[in-house]
1. Taking the options Gln284, Gln299, name whichever one is part of a strand (DSSP E or B), within 15 Å of the chain's Cα centre (by Cα) and assigned by TED's automatic domain parsing to the domain that holds Ala204.
2. Can you name every one of the helices (runs of 4 or more DSSP H) wholly within segment 144-202 that holds 1 or more residues which are touching a Ser or Thr at 6+ places or on another chain (Cβ under 7 Å)?
3. Condition first: in a helix (DSSP H, G or I), more than 24 Å from Ile148 (Cα to Cα) and at pLDDT below 80. Can you find one or more residues in segment 240-263 that meet it?
4. When you scan segment 67-76, do you find a residue that is of a type outside the set (D, E, K, R), within 33 Å of the chain's Cα centre (by Cα) and over 15 Å from Met32 (Cβ atoms), even just one?
5. Counting only residues that are loosely packed, with under 15 Cβ neighbours inside 10 Å and under 19 Å from Asp75 (Cβ atoms), how many does segment 46-64 have?
6. Please pick out the residue among Phe360, Phe334 that is surrounded by 14 or more Cβ atoms within 10 Å (Cβ to Cβ), within 11 Å of Glu392 (Cα to Cα) and either at pLDDT below 95 or assigned by TED's automatic domain parsing to the domain that holds Phe395 (or both).
7. Grab the strands (runs of 3 or more DSSP E) fully contained in segment 34-142, keeping just those with 2 or more residues being more than 27 Å from Thr159 (Cβ to Cβ), touching a helix residue (DSSP H, G or I) at 6+ places or on another chain (Cβ under 9 Å) and without any contact (Cβ under 8 Å) to a residue 60 or more places away in the chain.
8. Which members of segment 204-218 meet the condition of being modelled with pLDDT under 80, in a helix (DSSP H, G or I) and more than 18 Å from Thr312 (Cβ to Cβ)?
Amino acid sequence: MNGIRIGQGLYTGLEQAVTSRPLELRQGQVIMGHVNKYFTNNMAEIQVGSQKVLAELSTALNTDKNYWFQVQEGDGKLALKVLSPISPVNNDANTDTLLEQWSLPNTKEMKQLTTMLLKENLPLSGEILSLAGKWMKESDSPKALDTIKEMIQRELPFTKEVFASLMSVREGSSMNSLAEKLWNELSASPAVSPALQAVLKELATGENVDLPDASLIKDQLQKLLHTIGYTYEHDLLHSKTDGGKGAVEWNQLKPLLLDLLKTDAPVHVKELASALTDKVTGMQLLSQETGPIMQLMLQFPLHFQNHSMDATMQYSGRKTKDGKIDSDYCRILFYLDLAHLKETAIDMQIQHRIVNITVFNKNHEIEPLMKTMIKGLQEKMKDVQYTLSSLEFKFFQEDKMEKLDLGLHKLMPAYYKGVDYKV
């Protein structure tokens, strides 16, 4: 298991979020904070959530109260305008104050949205509230609120296209079923690109993919991810920057779907193509890279012993100096919906090539079976210079651990909280 390049090129061409960057404020945004201390020339240190900012205040304020501040144009420095004090006990009043400030309707969606943003102490603006409230109402989904929170926290482009892509990851049909439905719809149409039909057939049936063969897993997984189009933007950018020397063969799902969406195909066909495109883009948006630390979110159709499903993999780790994945220190979570075991999550943590594995499932009967596999698994890992330290079973409780929600990273917390990488 040498350092491989599964993640190579996944980010290039997409606007990625960096979770550890300092707070970025733009004119018109409203933030909640309090004054820590004053300096000369009306400058003050303002506490905004867990971060501190230096700003110019035109009004002297109490240091023991929270206030609403609006970001103003400053002469080369941050300027904040005080809107009003914040009620420490009446959240409804705080919400109503902001909605009134921007002349926004006091609807259920708006109150839910504003309350959530206030609770998380995220920067607000009238434009964000207006757009987000509209999207929440149109989607009519309980997951819309968390999706909007995700967009703001990651500082992703606040567009309907990004919202739709992230929503497609959280809910909707599987990638496998969408590929199969679209393949069936297009198989009888001679006008459709043969390349698109071939890619859809491969994804829907598992043709040309034999993942159970361990010796081929790395190469076939890389080929599968390329076929889906996870590296599309990187490949496109590379083809332009090298003067066209490296001609790109567009045998990838994503660009072929984008071409289909430009045609006069039937509405229901375009809806399937759009949903499948959103699914791929959503995964790309959830992948991020911060310095040497990287997080990959990947989903792909998997066919195993006459059973079809979507396999989801989340990788958190660091890169080596030459840009490869460091396989000595990482954490990988797999989410599978198996034919007999049903919902199964596998959490694998690796430090100094020492491996700890936790299997989550609702069936206690697999625990004794797992114990019989330890010796064989230890030997297999030893063959590739890893040491199995533990193999543990945990019950998959719906009230404590919902079905993997990719945006929230319930099993694999974002920002690496509680994970000791010893970097």
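The values are calculated or read from the model by the stated rules, or taken from the named source; none is laboratory data. From a predicted model like this one, the values you see are computed outputs, not experimental measurements. Neighbour counts are summed over all protein chains in view; Cβ atoms, including those assigned to glycine, are modelled from backbone coordinates with ideal geometry.
1. Working: Gln284 fails: part of a strand (DSSP E or B).
Going through Gln284, Gln299 in turn, just one is part of a strand (DSSP E or B), within 15 Å of the chain's Cα centre (by Cα) and assigned by TED's automatic domain parsing to the domain that holds Ala204: Gln299.
2. On the way: elements: 144-153, 160-170, 175-186.
The qualifying helices (runs of 4 or more DSSP H) are 160-170, 175-186.
3. Yes, because at least one residue in segment 240-263 is in a helix (DSSP H, G or I), more than 24 Å from Ile148 (Cα to Cα) and at pLDDT below 80.
4. Here is the first cut: in segment 67-76, the ones of a type outside the set (D, E, K, R) are 67-72, 74, 76.
Subset that is within 33 Å of the chain's Cα centre (by Cα): 67-72.
From what is left, the residues that are over 15 Å from Met32 (Cβ atoms) are 72.
Yes: segment 67-76 contains one or more residues that are of a type outside the set (D, E, K, R), within 33 Å of the chain's Cα centre (by Cα) and over 15 Å from Met32 (Cβ atoms).
5. So the answer is 3.
6. Working: Phe334 fails: within 11 Å of Glu392 (Cα to Cα).
Matching residue, one of Phe360, Phe334: Phe360.
7. Details: elements: 43-48, 51-57, 67-72, 79-85.
Filter on segment 34-142 gives 79-85.
8. Scanning segment 204-218 gives Ala214, Ser215, Leu216, Lys218.
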